[in-house]
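Nothing in this text is a laboratory measurement; each read-out follows from the coordinates by a stated rule. Everything numeric here is computed off the predicted structure, so don't read it as measured data. Cβ: placed from backbone, ideal geometry, glycine included. Neighbour counts: every protein chain shown.
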Protein chains: 2
Amino acid sequence: MSRHTIRFLPYDTKIRVESGERLLRAAMEAGVHINASCGGEGVCGKCRVIVESGEVEDGFSDRLSPEDVQKGYRLACRARVRGDVDIRVPIESEIDAGVLNRMVSPRKTARIQQADLEELKEQGLFLPPVEKHYLELPEPTPEDNLADVTRLVNYLKIHHGEHRLVVDLPVIRKTPVALREDHFRITATLARPVQENRKTRVINIQPGDTTDKNFAVAVDIGTTTIYGQLIDLKNGHVLAEAGEFNAQLSYGEDVITRIVFAEKPGGLEKMEALAVGTVNKVLSRIFKQSGADPDMVSTVTLAGNTTMTQLMLRIEPRHLRRSPYVPASTLYPPLRAVDLGLELGDHVTALFYPAISSYVGGDIVAGVMGSGLYRTPKLTLFMDIGTNAEIVIGNRDWLACAACSAGPAFEGGGITFGMRAAKGAVEDFSIDRVTFEPMVLTIGDVRPRGICGSGLLTAVAELFEAGVIDSKGKFNRDLETKRIRERDGVWEYVLAWEDQTQIDRDLVLTEIDIENLIRAKGAVYAGCQTLLSEVGLQFADIEQIILAGGFGSYVNLEKAMAIGLLPEMDPDAIVFVGNGSLLGAKMSSLTNRIRRDVVEVTRKMTNFELSETNSYMDHYIAALFLPHTDLDRFPKVKERMRR
Amino acid sequence: MSRHTIRFLPYDTKIRVESGERLLRAAMEAGVHINASCGGEGVCGKCRVIVESGEVEDGFSDRLSPEDVQKGYRLACRARVRGDVDIRVPIESEIDAGVLNRMVSPRKTARIQQADLEELKEQGLFLPPVEKHYLELPEPTPEDNLADVTRLVNYLKIHHGEHRLVVDLPVIRKTPVALREDHFRITATLARPVQENRKTRVINIQPGDTTDKNFAVAVDIGTTTIYGQLIDLKNGHVLAEAGEFNAQLSYGEDVITRIVFAEKPGGLEKMEALAVGTVNKVLSRIFKQSGADPDMVSTVTLAGNTTMTQLMLRIEPRHLRRSPYVPASTLYPPLRAVDLGLELGDHVTALFYPAISSYVGGDIVAGVMGSGLYRTPKLTLFMDIGTNAEIVIGNRDWLACAACSAGPAFEGGGITFGMRAAKGAVEDFSIDRVTFEPMVLTIGDVRPRGICGSGLLTAVAELFEAGVIDSKGKFNRDLETKRIRERDGVWEYVLAWEDQTQIDRDLVLTEIDIENLIRAKGAVYAGCQTLLSEVGLQFADIEQIILAGGFGSYVNLEKAMAIGLLPEMDPDAIVFVGNGSLLGAKMSSLTNRIRRDVVEVTRKMTNFELSETNSYMDHYIAALFLPHTDLDRFPKVKERMRR
């Protein structure tokens, strides 16, 4: 896709964006504030900009008169970039924005790290887990009436040097028919042993030549959403990806309520069935999307937190939520996908990622494996931030981990107008330093109906940096704007007026919301700090941060540092791996090397129970400020505050 | 039980029998003919004998007058031995029997060979397949909150030196509950690897100390009957044994009809379900018999012919009955007993004995393993005689096998009054060389209602040796007895008159019946001969015969040699192992050594398809005589015939 340069005047800030990007998003990306409160739906008419040179597509609205259009006015939220353009932010915003006082700070999100098959090969990490061989076997005769399976095994021995084979029962069952369907021309699927001295398993036999179709499925069993990917084992390409809400959601949003339900008679079986049902829905979607034949799937790898894994494997979870928080097991044996209830061929083995503890589960281990953390020499902080935040610190030599309960704020929970990152959620925000008017971007560019985690984080950071709230998260009661007000004894900021929302109410952010966010970020920061100090390190020693999880993808790194969620460091040292659980599941599908290494990694990873670590509460209390009680930890924020 | 000596006069033949034995059976055993045709029910009154010294119990009947009783007359069929006695066979029989002409030949059945755990230990063959350990684990604390399974594995590592463990999913599922039921005091069941470099599996965990209860189940899946044994793994004792007719019987008596049925839609699943259902009935009976807790069963081993095995494993059997007779597989992977549908704990692994070919199956391999044939230096002929006779020749260095279709005669099939070996079946027979009056023993000592395989074999041998039939099996038409007669153009011998049977008809043996037996024995003998000549040997080289199967147990060895079913050799060199399939299954339960060796044995065993071996038909034709066309092969018979 072609890219174009936008120059924003009068700041002379340039940004390159993809063709078709909306001007308002480009401005936010560039750190240019333009008042806008309807989320990009074009109804507030505030985001007027002037196209000074070049052309944009659309951007018209009945909020613009023909004369305005004639002069080059467009609504930034509707206008799409189709070539290089110069855009002037009109005087109303320009002055409001206090252009002279403000450093334009382009948005920094984490660099996205992706791994692929070629890279694995280059790094010598490629050990194919599943291979297909096309064979033309001699047909039996009275003089040569070996058993079908013996014929197959002997052929593989003689012609392919396969000397250590075992044959699964489903293959034995298929062999008599499959061999005779196409004159003993068949494709055999071989599953390589994960451990070196084990045997190769013949897991499938298909008539004819199917060697060009060899797929894997990777599944992330999230508490909220279950994602699946169909992967082509030939080249590592993702052929399809889909997600479905975990059907367990109707029995509770978090793992605790699920465990409580599972403790009731029949509850565990219900939880198992719901999770399995959701995975099957995901499977059916990825097969539909890709048009792939499910029979060509050779392996499935699943990763989830310890609760999700125990529920899906029908393992009694009650002790996960009771001190001393003991999981049933950390390793799960390979099992047949059909035994698990998955709608896959009966030759498919399902592998679950191992866990570390009750609250550091297979999803995190998958992230550690998939992101390559376990192989890096760099001292790395790995964070997967959600209702529970899991933290891993270490490198290829050692690993330590902990989980802390951040509460649901990062996912929009416990926030007055909080919502998940879905259409209509405020996902980005900027505030005019003079007028305190907002610039609001929503997912889907529609009128806002709530605020999601990343929107909340950015909003609080902006409010703090604009001096609207203080380091305790309390509103400055003296500012002259009707957007800041007290209602029922609680102070709040109006993100969008009633008529610019989908909810027929003013969309606000309250002091209580802000307090919840501060608790959440404080818990995560204190968790990192505690884990670091337990291993004798400090934030300054960290060479790299890996962010995983849905939350990490949209987070404006500068803002996350501004509120003290992330330690201050070079944003280029922060990478985002997306859904770490899914990534790890995918990588395990591509090479046995990761399956082999993971057991060692789980042995190596030391788990710290923060609730059993005395210093954690002290660190937590100290972190209940913006950005932190100890401002010296955040020199850049300190410098900005000074100015 | 005490034993007593019976002296039969006037022959002065002595035999020692167990207390309570009936006189008529003892006489048959001793080779003493006493006319008797009602099977021992006491209705014909022919078997009068005189007790000359000592006492017997019972033996009274309304066929004996008070005077007779006073004189010491008793009915041999009803009288039981309770002390040493002298018994005179009265003059009527004495003269009839041509006492001076006849050599008394005591019945020789094969020596029974049994193997037990102590013997395995002495021979260094004991590798326990399953072991139980009682453990008192430390309870978890906040400082020590390892996963339950990790706690278990670590404890086994530290306190029991178990360094290579894997834990099955059913164990993981049980662990959280089982550990907490009795304060972390549990019994762990460990399944040892069959192959040396593999890991030990933790297959079960039970609260408290259950180490004294560790059982195995052995199952023989016969075409007709399914037998099971409950075995105590501590000492190898059989705690219970039961058999049930294979429920597949209602779909046909032999494997071919079962295969044909399995080829119909749903037929295979039906056959599987019927076999599994029968095994479950057998299991329930052995648990009831022994009062054992099914949960204490740790392993199950099954053996059956190739068809029974494929049907029970739901493997398409159609090619087993079609040239070139290709089985799906000869090795079957271990599988979970519950996956098979067996009503056993979900921790139990089921192992099926491997097969050699379509008609030499796991039952025969089990016999070869269980009887120790595969370890003996002696050149051995192993025979399992039924509708299909399987033959193995070899020793510890090499093995060759073949199957031949004997037809159903040995099991009473295709015989006018043929029946299975059940109550009322003529099972033993002797004929008076002068009067041609019979001595008939039936199973259960009731009036006869048919004749079973061993009765048929003995009857034909006696008729032949008494000159009633010639070497082609044709009746001597000139004998003066109304027992030999022609009916509807077919000659026959009356075993029992109408009023002495349960069937309200004369019970007869026809020339056609005799012809069928000759075909059956000819097929088996020719099979042995062909297999021997294929490996460059002859009968004289055989050092030992092992008989397996229900048929072998009752066979009078001299009679089997007399008709030419077995080669003439010292009866002491013939051993009977009973149900070889069940024996092998039992032995595999006791030691992994046999499981380890069996794969090598199947590789070593060369299968010969008799239908593809040209000489077989020649050998068969030559064997269609009593005892054989070449009488020099049977010098003892020749000598008796000369006399």
**OP:** Check cross-link reach from A:K474 to the aspartates and glutamates: straight Cα distance under 14 Å, and skip same-chain residues fewer than eight apart.
**Re:** A:E462, A:E465, A:E486, A:E492, A:E511, A:D513, A:E515
Subject >> Rg/Rg_globular for segment B:347-397, with Rg_globular taken as 2.2 N^0.38 Å and Rg from C-alpha atoms >> reply: 1.25
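Share of Cα-Cα pairs in chain A beyond 36 Å, in percent?
Distances greater than 36 Å cover 46 percent of the Cα pairs.
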Original post:
Past the 21 Å Cα-Cα mark, which pairs from B:K199/B:K586; A:K132/B:K264; A:K378/A:K586; B:K521/B:K636; B:K174/B:K288?
Top reply: B:K199/B:K586; A:K132/B:K264; A:K378/A:K586; B:K174/B:K288
Original post:
Going by how many other beta carbons lie within 10 Å of each one, how would you line up A:Y616, B:Y325, fewest first?
Top reply: B:Y325, A:Y616
**OP:** With unit charges on the beta carbon (Lys/Arg positive, Asp/Glu negative), name the residue among A:G578, A:A421, B:T200 whose Cα is farthest towards the positive pole of the charge dipole of the protein assembly as shown.
**Re:** B:T200
Subject >> Amide H contacts of A:D506 (H built 1.01 Å from N, under 5 Å, at least 5 apart or other chain) >> reply: A:E498
Original post:
What is the fewest-to-most order of A:L117, B:L626 by other Cβ atoms lying within 10 Å of their Cβ?
Top reply: A:L117, B:L626
**OP:** Starting from the Cα of B:K270, draw a straight line to each of the lysines and keep only those under 17 Å, dropping any in the same chain fewer than 8 residues away.
**Re:** B:K281
Subject >> Bins of 10 Å, starting at 0 and running to the largest distance - Cα pair percent for segment B:119-207 >> reply: 16, 48, 25, 9, 2, 0
Original post:
Per 10 Å bin, what is the whole-percent P(r) computed from every C-alpha pair distance within the protein assembly as shown?
Top reply: 2, 8, 14, 16, 14, 11, 9, 8, 6, 5, 4, 3, 1, 0, 0
Original post:
Hey, for B:Q123 with labels 7 Å out along Cα-Cβ, what do the inter-copy distances come to in nm, ordered shortest first?
Top reply: 5.5
Original post:
Mean residue ellipticity at 222 nm from the helices of the protein assembly as shown, using -39,500 (n - 2.57) per DSSP H segment of n ≥ 4 over the full residue count, to the nearest 500 deg cm²/dmol?
Top reply: -9000 deg cm²/dmol
**OP:** Only Lys, Arg, Asp and Glu count, each charged at its Cβ (+1, +1, -1, -1), so figure out the dipole size of chain B about its Cα centre, rounded to 20 debye.
**Re:** 600 debye
Original post:
Across peptide A:318-328, what mean number of C-beta atoms from other chains lies inside 10 Å of a residue's C-beta?
Top reply: 6
**OP:** Work out the charge dipole of chain A with +1 on the Cβ of Lys and Arg and -1 on the Cβ of Asp and Glu about the Cα centre, then indicate which of A:T629, A:A400, A:M439 is farthest towards its positive end.
**Re:** A:A400
**OP:** List the residues whose amide H sits under 5 Å from the amide H of B:T13, counting only those 5 or more places along or on another chain, with H placed 1.01 Å from N in the peptide plane.
**Re:** B:F8
**OP:** Might you report the magnitude of the Cβ-based charge dipole of the protein assembly as shown about its Cα centre, with Lys and Arg at +1 and Asp and Glu at -1, to the nearest 20 debye?
**Re:** 620 debye
Original post:
According to the Cα gyration tensor, what semi-axes, each the square root of 5 times an eigenvalue, does the equivalent ellipsoid of segment B:215-352 have, listed from largest to smallest in whole Å?
Top reply: 27, 15, 12
**OP:** Please average, across the residues of A:163-173, the number of beta carbons from any other chain that are within 10 Å of each residue's own beta carbon, and give a whole number.
**Re:** 4
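For B:W398, A:W491, what ranking results if the residue with the fewest other Cβ atoms within 10 Å of its Cβ goes first?
Lowest count first: B:W398, A:W491.
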**OP:** In whole angstrom, note down how far apart the Cα centers of segment B:136-204 and segment A:286-318 are.
**Re:** 26 Å
**OP:** Could you pull the copy-to-copy label distances for A:T257, with points set 7 Å along Cα to Cβ, in nm to one decimal and sorted shortest first?
**Re:** 6.3
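DSSP beta bridges in chain A, what fraction antiparallel, as a percent rounded to 5?
Rounded to the nearest five, the antiparallel share is 65 percent.
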**OP:** Beyond 29 Å between alpha-carbons counts as too far, so tell me which of A:K604/B:K157; A:K46/A:K559; A:K157/B:K157 fall in that bin.
**Re:** A:K157/B:K157
**OP:** Apply the Karplus parameterisation 6.51 cos²θ - 1.76 cosθ + 1.60, with θ equal to phi minus 60°, to every residue of segment B:497-505 and state each ³J(HN,Hα) to the nearest whole Hz, in sequence, with x for glycine and proline.
**Re:** 6, 2, 6, 9, 10, 8, 10, 6, 9
Subject >> Of the DSSP H helices in chain A, those whose Cα atoms cover at least 27 Å axially and whose Kyte score averages -1.0 or more >> reply: A:267-290, A:511-534
Original post:
Can you give the charge dipole size of segment B:303-393 about its Cα centre, rounded to the nearest 20 debye, using +1 on the beta carbon of Lys and Arg and -1 on the beta carbon of Asp and Glu?
Top reply: 300 debye
Original post:
Label-to-label distances across copies for A:G45, with labels 7 Å out along Cα→Cβ, in nm, shortest first?
Top reply: 13.0
